[in-house]
Amino acid sequence: MRPEIKEYPYDRLMQGLLTVAKNFTHGTEKEAELAYRYIPSYRGVLKTVLDAGEAGRILFELLDEYYANIIHARERGKKVCGTTFCYCPAILYAMDIVPATFEVLTGFGCLGWKRGMFDYMDYCCEVGMPETSCSSQRGFLGAFLAGLCADIDFLICDSPGVCDTNATAYAFASAYLNKPFYQLNYPSSIGDDRSQKYHIDDYKGMIRFIEAQSGKKLDYDRLAEILREVDYQDRLTADLEDMLMLVPSPLSSVHNLMIYAGRFCASGHKLYTRLLEAIVKDVKQKAEAGLSGLKSGKERLRAFTCYIDHYTADLNFWNYLEEKGIGHIGCILSRNFRDNNRYVQEVPKSAYGIDFSTPDTLLDSMAQLNARMPMVRSIRGPYDMPGMWLEESLAIARLYQADCIIYNGTPGCRNTWGMLKPFARDLERQGFPVHIMNDDAFDDRVESWEAAKDRLDEFFKVRGLL
Amino acid sequence: METFLDAATKIQCRSVLDWKKSGKPIVGYTCSYTPPEIFYAAGILPVRMRGIETEGTDIADAYFGSFICSFPKSLLQLAGKKTYSFLDGAVITPGCDSMRRLDECWRTAGKDHEGIVPGFFYYFDVPHKSEAHGFRWFVDELKMLIHAVEKHFGVRITDEGLKNAIRKFNAGRRMLQEIEAMRSQKEVVVSGTEVFAAVIAGAILPRDEYTRHLERWLAELKRRKKSLSKGKIRLMLTGSASDEIHLFQLLEENTGAILVAENLCFGIRSEGNEIEEKGDPVEALAEHYLAQSTCPRMYGRFGERLSYIKDKVKQARVDGVVMQNIRFCDLHAAENALYERHLEPLGVPCLRLEREYGPMVDAGRMKLRLNAFLERIKKADRIIADENESERVDDLPDRKPLEAAR
């Protein structure tokens, strides 16, 4: 890593950026316009998010607090858990632990900095991780391994059995820094009694691990309180899912990003509730007026990104969708698989519910919720098994009236690259044009955004979609 | 040795073809977590699937994506070419992200290439942990596999049959342990290539035939007097799954090195320990194949794996560790770096090599790097010898770091 990069702590840099973003709207419109001139490579992110109104401002507030919690955890007497996007942080909030979700922390660095997270990603390779490992963890992990972030006390991941590259990043960090580590492991099936029981047994093991690390027992009253918040958030999300089915969709493309980024950081947290309430309010008004959420006001096409989105430099991908009049109907990260969503009816035995009756049912609910997090729910088994990726993708594409399906990931996503061609072939046979992006969602060096955009243009043209 | 070499270098080796001619079924499996004892007990020949003899991956590339390890691609390529047409069944295990997708890719390829998917095609779900619930899950998986084999092949697998299979396989394991002990001697009479061929053959040949050959070979080894290790650098090979005898030959032939230990999926590590012959045989299999596993897919057990390597280094007087990984195998690539970080300060030189699986297209590059590595060890040995006026430092904790030699 270049010495000058090592001069600055990454987390504090990011928090500084987010504090400015959060306060950006405090000035006059004229002041904001003037300020935009001085942030040419961050303008796209800031403008797009803040143009979403109150929700945009709350998102920055949420992220600012998220970073602050990590940075100041020690002085506040709290422990920090390094974890992954497919792990629900609500349990950590219930146990008074601060979550640090690597992929989110990488993602916002990629979006906000012209140079992206390249230096930090490469630092992971300097200390031994292969460059074929997933960039989504390597960004923040590099900064962490280089000592440029507040310390983390222990690590939890839930990707073994689903994504080796994800799990390897956490296992590597644990061995490299000698940090305690717990892996939640998922079987290849879901919905059957056997796998449901496995989820619970494994989750209970994890609770014992966290209790040992924090020195505090799980407070079930606090868990109930957090789950009530999750329950309300799930209802708000289900409302948004219903509105996303409308044609045109009243959601803007960036709303999708806000919904899942907020959930990965702050599920069960009041700030996330405020974020969702603001999105619902905005979207409801558009839905009642029959308006599209796109800036152009005209939805020409509806695209379903069946895996993840594209997070490099300046929200380019999202702004591209807006410019082209393409409605974003979500990706694998968007769906929570709560039993109050319409789409879960199309995928039998896929959903979780929340049962407040007893401490045991609370914990069971949390375990089943976690097992339905993105990726760990639907990529765990062969893609064409009941309830897995194909069934989920087809159900969503049909229900939300997608005109096409786009795959985007990273070269580290071997769990999907291993089956992507047969999967895409099956989707095509069901009538959905499929585009496979060969880039890295977090690293523009693999394929520049300009090249990725050209290929998207070509896809829409050749398939007669635009 | 001729039978072992035949089995280790040919997919359709003599013994497999003979078995096929007898009309009895053969089942292929992809991972060391699948107990061959189950198939033995059913009168079925279990054959560990290998990717040798692959000349390209044009068929496999049509199904697997770009960023996938070339080992499962080679298996699919061979299936597509009908090299595995002798299989009556296949068991696919989620050993890693790449390997587990062989399930979908093979089935899809079967829609385009008629007759390449065996009649019995089974997904065997192995957990990533061996704590109580993981162990129970694995025991259930074994029972379901047994039931599926019984149903498909119309056979009966009894506890007694399983116990008998365990006893038969243990007999071979004991002999392999004896051979492994020979490799730890100061003067080694057997090459790494020979031992590897013998271990690979154990995963291919009918077990009774294998045991007979192993007995004879062990007796012959005991008669050998000529040291193959004199003046040679003693290497250990670790890393990604490898069944390529050519890799061993590359490391041993005309290099001044001898392989005295491995930590490989196809190697002795899967055969090393005996299975409990008393009690419930299914639980005994689970204990061996899951709980004692040293594969990096079992996350959070890095310490155990490091200890295993350290013990091997000490036991077999290893001078240097060659750590290879197949490109896109993050499991081994990441752990290799961690091993290096722990072993180098202890004075154990390490070489990390990334490579492609298959027809050794990068043999020249690997040879060049190996030679440089061996030179480094020789130079370091000379420095240590000069400083200590002794020939070799055998005790690992007392080893001197080789910083001076770099």
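So which helices of chain A fit the span-like rule, where a helix is a whole DSSP H run, its Cα atoms reach 27 Å or more along the axis, and its mean Kyte-Doolittle is at least -0.5?
In chain A, the long hydrophobic H runs are A:270-289.
Name the trypsin sites (Lys or Arg not before Pro) in segment B:265-306 that are in a loop by DSSP and that have at most 10 other C-beta atoms within 10 Å, would you?
In loop regions of segment B:265-306 (DSSP not H, G, I, E or B), the sparsely surrounded trypsin sites (Lys or Arg not before Pro) are B:Lys278.
With θ set to phi - 60°, apply the Karplus curve 6.51 cos²θ - 1.76 cosθ + 1.60 along segment A:438-447 and write out the HN-Hα couplings as whole Hz, x wherever there is a Gly or Pro.
Working through the residues one at a time gives 9, 9, 10, 4, 10, 9, 5, 6, 5, 8 Hz.
In whole Å, what is the distance between the alpha-carbon centres of segment A:41-61 and segment A:289-312?
Cα centroid to Cα centroid, the span is 17 Å.
Bin width 5 Å, alpha-carbon pairs only: give the P(r) of segment B:18-158 as whole percents, running from 0 to the bin holding the largest distance.
Result returned by the calculation: 2, 10, 20, 22, 19, 14, 9, 4, 1.
Could you work out how far the C-alpha centroid of segment B:136-164 sits from that of segment B:23-47, in angstrom?
Taking the Cα centre of segment B:23-47 as reference, the centre of segment B:136-164 is 11 Å away.
With all distinct Cα pairs included, what does the Kirkwood hydrodynamic radius of segment A:342-466 come out to in Å, to one decimal, could you say?
Final number for the Kirkwood radius of segment A:342-466 is 16.5 Å.
What do you get for the angle between helix B:207-223 and the principal long axis of chain B? Use alpha-carbon atoms, 0 to 90 degrees, nearest ten.
20
May I ask you to derive the relative contact order of chain A, considering only C-alpha pairs under 8 Å and at least 6 residues apart, and to give it as an integer percent?
17
Which entries of A:Lys6/A:Lys79; B:Lys129/B:Lys163; B:Lys10/B:Lys73; B:Lys73/B:Lys367 have Cα-Cα distances beyond 22 Å here?
A:Lys6/A:Lys79; B:Lys129/B:Lys163; B:Lys73/B:Lys367
Need one value for B:90-102: mean number of C-beta atoms belonging to other chains within 10 Å of its residues' C-beta atoms.
5
Can you give the Kirkwood hydrodynamic radius for the protein assembly as shown, in Å, rounded to one decimal and based on Cα pairs?
28.7
List the residues whose amide H sits under 5 Å from the amide H of A:Phe181, counting only those 5 or more places along or on another chain, with H placed 1.01 Å from N in the peptide plane.
For A:Phe181, the qualifying residues are A:Leu155.
Starting from the Cα gyration tensor of chain A, take the square roots of the eigenvalues, sort them a ≥ b ≥ c, and report rounded, prolate or oblate (rounded when a/c is under 1.5, otherwise prolate if a/b is larger than b/c, else oblate).
Rounded is the answer for chain A, as its axis ratio a/c remains below 1.5.
Given just the C-alpha atoms of segment A:3-216, how large is their convex hull per residue in cubic angstrom?
Enclosed volume per residue, from the Cα hull, is 142 Å³.
Rank these for me by crowding, B:Ser98, B:Ser85, going from fewest to most other beta carbons within 10 Å.
In increasing order of surrounding Cβ atoms, one gets B:Ser85, B:Ser98.
Once you average over the residues of B:63-71, how many Cβ atoms of partner chains fall within 10 Å of each Cβ?
Taking all residues of B:63-71 together, the mean is 6.
Rounding to the nearest 10 and keeping the result within 0 to 90°, find how far the Cα-based axis of helix B:302-315 lies from the longest principal axis of chain B.
Rounded to the nearest ten degrees, it is 60.
Using amide H atoms built in the peptide plane, which far-off residues or other-chain residues are under 5 Å from B:Phe121 H to H?
B:Ala90
What's the angle, to the nearest 10 degrees (0 to 90), between helix B:102-112's Cα axis and the longest principal axis of chain B?
That helix lies at roughly 50 degrees to the long axis.
Mind listing the long-range amide H neighbours of B:Arg352? Cut-off is under 5 Å, sequence gap 5 or more, other chains count too, H placed in the peptide plane at 1.01 Å from N.
The answer is B:Met323.
Shielding by partners for A:424-437, please: the mean number of other protein chain Cβ atoms within 10 Å of each residue's Cβ.
Average per residue, whole number: 1.
Work out which GluC sites (Glu not before Pro) in chain B are exposed loop sites (DSSP not H, G, I, E or B, at most 14 other Cβ within 10 Å) and give the longest gap free of them.
The segment B:278-388 is the longest one with no such site.
Please arrange A:His269, A:His199 by how many other C-beta atoms lie within 10 Å of their C-beta, fewest to most.
With the fewest neighbours first, A:His269, A:His199 line up as A:His269, A:His199.
So what are the three principal axis dimensions of segment B:171-226 from its Cα atoms, in whole Å, longest to shortest?
Here the Cα extents, ordered largest to smallest, are 33, 18, 16 Å.
Using the scaling law 2.2 N^0.38 Å as the reference, what is the normalised Cα Rg of segment A:192-282?
Output field value: 1.37.
Quote the Stokes-Einstein diffusion coefficient, in whole µm² s⁻¹, for segment B:231-405, based on the Kirkwood radius over alpha carbon pairs, a temperature of 10 °C and a viscosity of 1.306 mPa s.
92
As a footprinting exposure proxy, order A:Val49, B:Val260, B:Val199 by other Cβ within 10 Å, with the fewest listed first.
By the 10 Å Cβ count, ascending, the order reads A:Val49, B:Val199, B:Val260.
Relative contact order for segment B:18-158: what percent, with Cα pairs under 8 Å and sequence separation of 6 or more?
23
What does the helix-only formula give at 222 nm for chain A: each DSSP H stretch with n ≥ 4 adding -39500 (n - 2.57), the total divided by the residues, and the result rounded to the nearest 500 deg cm²/dmol?
-16500 deg cm²/dmol
For segment B:199-267, which trypsin sites (Lys or Arg not before Pro) pass both filters: DSSP loop (anything but H, G, I, E, B) and at most 16 other C-beta atoms within 10 Å?
B:Arg224, B:Lys225, B:Lys226, B:Lys230
Using only the alpha carbon atoms of chain B, find the Kirkwood hydrodynamic radius as the inverse mean reciprocal pair distance, in angstroms to one decimal.
Kirkwood radius, chain B: 21.9 Å.
Under 8 Å for C-alpha pairs, at least 6 residues apart: give me the relative contact order for segment A:3-216, rounded to a whole percent.
The normalised contact order for segment A:3-216 reaches 18 percent.
Bin width 5 Å, alpha-carbon pairs only: give the P(r) of segment A:296-383 as whole percents, running from 0 to the bin holding the largest distance.
Here the calculated profile for segment A:296-383 is 3, 12, 16, 19, 14, 13, 11, 7, 4, 2, 0.
Can you give the longest run of chain A that contains no GluC sites (Glu not before Pro) sitting in a DSSP loop with at most 11 other Cβ atoms inside 10 Å?
Free of exposed loop sites, the longest segment is A:76-466.
All of the numbers you see were taken from the coordinates with simple rules; none came from a lab. Fair warning: this is a prediction, and the values are worked out from it, not measured in the lab. Note that each Cβ is placed from the backbone with ideal geometry, even for glycine, and that neighbours are counted across all protein chains shown.
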